[in-house]
Amino acid sequence: MKVQIPDQLKADIPPTKWGKLLSATPVVMAVVATMLAGLASSEMTRAQYDRSLAAQQQSKAGDQWSFFQAKRLRGAIQRNSLDLLQSTVELRPLNATALKDAAEQLSAKVNDAEAAKVRTDLLAALDSPGGQQAVSFLQRGEVPPAGSPPAVDPNIKAALDAVENLTPDPEVAPLLARISNQALEDALRDARDHAQVFDTATKPVNQAIDQLDNLLGRRAASLQAKPASDAASPAAGASLTRDFTAARLRYASLRYEVEARLNQAIANYYELQVRKSNISAERHHYRSQRFFFGMLGAQLGVIIATFAIAARQRNLLWSMAATAGLLAIAFAIYVYLYT
């Protein structure tokens, strides 16, 4: 916006520094108004960006909460199945020696090619490092260790506790203000790495357990061909299969519980990011409004200065224009630094 002052009016302005300053007031106010309008637009753009970022982070948090719920549900199903099994039949601790003996006796009791193959595969699985590790965890009723949980920044811990206790957002905001975006991103990365460590540790054990379960199922199918009076009949191996199933259900319930808690930790960090992005969006939106009001004040200064020139009332009205412009600048600086 450019203001041209007629030469006749310029002649009426005192040729002093103060007069020159007054004559430049409309131009300065126009520049200030343009600057404030740009700042208002910039702050609104940043507010929209933070809102969009918060929506993306909320979607990621939702995925983690879905994983958490699904794994908690799967773990509950495993525990319920185990309780039902324990209440209907007699169970004994899983015995690795009994598993190997059953495999070695299979081809002798059931003389066919399929039984021989099952025997070979089952013995190989039991003697493999993965099989021995899997049977060991099944016997102890434990899951592979996930390693030490990552250290949590005290400020992040305070914010997590506040969110968990359903603290109102106005009280959570000061806690989030103490946390940098980088610190929160680092904590989220550590939580994901911790979950990946557990997944890596359990993967070979899970594969070995699935393999043993499949081979025991094939063993049971091979025994179907024998007469019921034979010692290798299905009834003779049913107890061993039940013991293995109970151990597998116990292991699976523990594994799903650990995985669910790891997903919960990741989701909690995403929730903090969502809240932090929303707070930032609100702040930029507020700043945009205040910059807009400052722009209106600067425009008011331009209008007053224009009327002052037109009315040739240079002293009072031009001073009011300069004052309005200075107030607009001071207000913009205040908004930028303190809001």
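For residue 200, what charge total do you get from the other residues with a beta carbon under 14 Å from its beta carbon, if Lys and Arg give +1 and Asp and Glu give -1?
So the surrounding residues net to 0.
Would you list, by chain and number, the aspartates and glutamates whose Cα falls below 19 Å from the Cα of residue 117, excluding same-chain residues fewer than 8 positions away?
Cα-Cα hits under 19 Å: 101, 104, 127, 210, 213.
After finding the eigenvalues of the alpha carbon gyration tensor for region 47-129, what semi-axes result from the square roots of 5 times each, listed largest first in whole Å?
Semi-axis lengths for region 47-129 are 49, 20, 10 Å.
Would you tell me the accessible area of residue 193, worked out with a 1.4 angstrom probe on the heavy atoms of the protein chains, in Å² to the nearest 10?
Around 80 Å² of this residue is reachable by solvent.
Counting only the heavy atoms of the protein chains, how much of residue 36 is accessible to a 1.4 Å probe, in Å² to the nearest 10?
0 Å²
Can you check what the net charge comes to around residue 245, using other residues whose Cβ is under 14 Å from the Cβ of residue 245 (Lys, Arg +1; Asp, Glu -1)?
Neighbour charge sum, excluding residue 245 itself: +1.
In what sequence, highest mean first, do 28-34, 185-191, 197-203 appear when ranked by Cβ atoms within 10 angstrom?
Output ranking for 28-34, 185-191, 197-203: 28-34, 185-191, 197-203.
Using alpha carbons only, how many angstrom separate the centre of region 19-76 from the centre of region 251-300?
If you average the Cα positions of each part, the centres end up 11 Å apart.
In terms of modelled amide H atoms, which long-range or inter-chain residues lie less than 5 Å from the amide H of residue 146?
Result for residue 146 returns nothing.
The values are calculated or read from the model by the stated rules, or taken from the named source; none is laboratory data. Small disclaimer: the values here were computed from a predicted structure and weren't measured. Please note: Cβ atoms are built from the backbone with ideal geometry, for glycine as well, and neighbour counts cover all protein chains shown. Heavy atoms of the whole protein, side chains included, go into the accessibility calculation; ligands, DNA and RNA do not. Shrake-Rupley method; radii C 1.70, N 1.55, O 1.52, S 1.80 Å.
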